1. Which shape class, rounded, prolate or oblate, goes with segment 101-231 when its Cα gyration tensor gives a ≥ b ≥ c as root eigenvalues, a/c under 1.5 marks rounded, and past that a/b bigger than b/c marks prolate?
2. Based on DSSP, what percent of beta bridges with both residues in the chain are antiparallel, to the nearest 5?
3. Going by average Cβ neighbours within 10 Å, how do the peptides 80-88, 15-23 rank, with the highest at the top?
4. Calculate how many DSSP beta bridges within segment 37-202 are antiparallel, expressed in % of all such bridges and rounded to the nearest 5.
5. First check a/c for segment 1-127, with a ≥ b ≥ c the square roots of the eigenvalues of its C-alpha gyration tensor; if it is under 1.5, answer rounded, and if not, answer prolate when a/b is larger than b/c or oblate otherwise.
6. Let's test the formula: R0 of 45 Å, r as the Cβ-Cβ distance of residue 36 and residue 157. What FRET efficiency results, to the nearest 0.05?
7. Straight distance only, please: which lysines reach the Cα of residue 184 with their own Cα at less than 25 Å, same-chain residues fewer than 8 apart left out?
8. Nearest 500 deg cm²/dmol is fine: what mean residue ellipticity at 222 nm does the chain get from its DSSP H runs of n ≥ 4 alone, each adding -39,500 (n - 2.57), divided by its residue count?
Amino acid sequence: MSLRIKFNLILLLSFVVGYAATSYIAYVMLQENAKEEVLHHANVMMASAMAIREYTIKEIKPLLVRQQMRTFIKQTVPAYAATRNFHKIQKMFSEYSYKEATLNPTNLENRATDFEIGIINFFKANPKIKIKTGERVTPNGRSLYLSKPMRVGSEACLSCHGKPADAPETMKAIYGDKNGFGWKLNQLIGTRIISVPMKVPYQRAYTAFKTFSYSIGAVFLVVLILLNVFLNNIIIVRVKNISTVAHDISLGKKPKKEINTNGHDEISELAKSFNRMRVSLNSAMDMLKGKSNKK
Ligand code: HEC
């Protein structure tokens with residue numbers, strides 16, 4: 001096997017091993033980053049839903065106490081404000097969603113689906129867990145969900161969600177007296193759940209991975225070409241030169257080429273030593289010839 005083939009095989013092997021290892025690490029890291037980015041989006045969305053709830057309770061509701069006596073203003077209900085706000089966001093980002101998924105909701109649009117009932121049951125079975133995240137496949141592609149348990153946090157909630165008789169007539173005129181009642185203090189009533197699409201960050205991670213792979217491939221190709229050029233000029237051509245001359249001498253012929261002794265590296269040293277050996281060999285041969293002529 002020639003020096004060139006051996007050298008290229010070692011290079012190829014180290015590239016394959018290095019490429020596989022770096023690609024794997026890069027792939028895992030980029031996927032992790034994408035997941036963290038999606039999770040961050042979900043947390044921001046959840047925080048914004050909570051902020052709207054709080055704003056509605058603290059700043060909007062007190063302004064409308066008197067009007068509320070005449071007609072029920074659902075805009076003062078935090079659940080309504082958060083959900084409505086999200087509907088507006090959905091017009092621009094249709095793959096994002098927020099829902100206050102409830103087992104026995106006032107507004108039937110908030111009724112929990114089978115999937116959401118599964119999450120509520122999970123929170124029921126694990127009361128200490130305050131947050132659950134996971135992935136699921138939706139018609140819009142893979143999405144990440146972040147969910148939190150919803151409990152009846154204060155007695156005030158029961159004025160509208162406790163006994164139907166206690167609820168404001170104006171509210172019952174809109175929502176009826178069948179749904180969203182009978183809740184108990186501290187009862188787990190549902191889960192607020194945010195869904196964030198994973199498509200875009202994952203696509204970005206894939207593009208970054210492709211660019212990374214191509215760059216590594218290109219760097220390897222350049223290194224391979226450069227090393228081959230150097231190998232050829234610095235080692236192979238010069239070793240071949242010495243080997244051709246040595247071959248001719250070994251057959252007793254006068255070499256066609258001279259040995260190139262330029263440079264200061266190991267091969268130049270070898271060439272110089274070889275030349276010295278050749279001179280010594282010639283003078284030894286001459287001496288031998290002289291002796292045999294005298295006889
Ligand atoms: C003034 C009456 C009123 C009070 C007080 C009230 N809610 Fe509601 N709540 C409603 C109405 C009405 C809706 C339905 C809004 C809509 O149209 O989406 C609702 C909806 C909800 C929903 C969404 C699911 C569903 O039932 O449609 C949750 C969750 C909820 N309320 C929790 C609470 C909690 C927790 C409290 C106490 C902190 C509370 N509510 C206090 C009237 C009230």
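1. Numbers: a/c = 5.38, a/b = 3.75, b/c = 1.44.
It is prolate, given that a/c is not under 1.5 and a/b is the larger ratio.
2. Working: 22 of 23 bridges.
About 95 percent, rounded to the nearest 5.
3. Values: 80-88: 16.8, 15-23: 12.3.
Per-residue Cβ counts within 10 Å, averaged per peptide and sorted highest first, yield 80-88, 15-23.
4. Numbers: 22 of 23 bridges.
Antiparallel: roughly 95 percent of the beta bridges in segment 37-202.
5. Values: a/c = 4.87, a/b = 3.24, b/c = 1.50.
Note, shape of segment 1-127 comes out prolate.
6. Details: r = 35 Å, r/R0 = 0.77.
With a Förster radius of 45 Å, E is 0.80.
7. 58, 61, 74, 99, 124, 128, 130, 132, 148, 163, 172
8. On the way: 9 runs with 175 residues, N = 295.
Calculated at 222 nm, the ellipticity per residue is -20500 deg cm²/dmol.
The values are calculated or read from the model by the stated rules, or taken from the named source; none is laboratory data. These figures come from a predicted structure and were not determined experimentally. Please note: Cβ atoms are built from the backbone with ideal geometry, for glycine as well, and neighbour counts cover all protein chains shown. The protein model used for the area step is the full one, side chains on, heavy atoms only, and it has no ligands, DNA or RNA in it. Shrake-Rupley method; radii C 1.70, N 1.55, O 1.52, S 1.80 Å.
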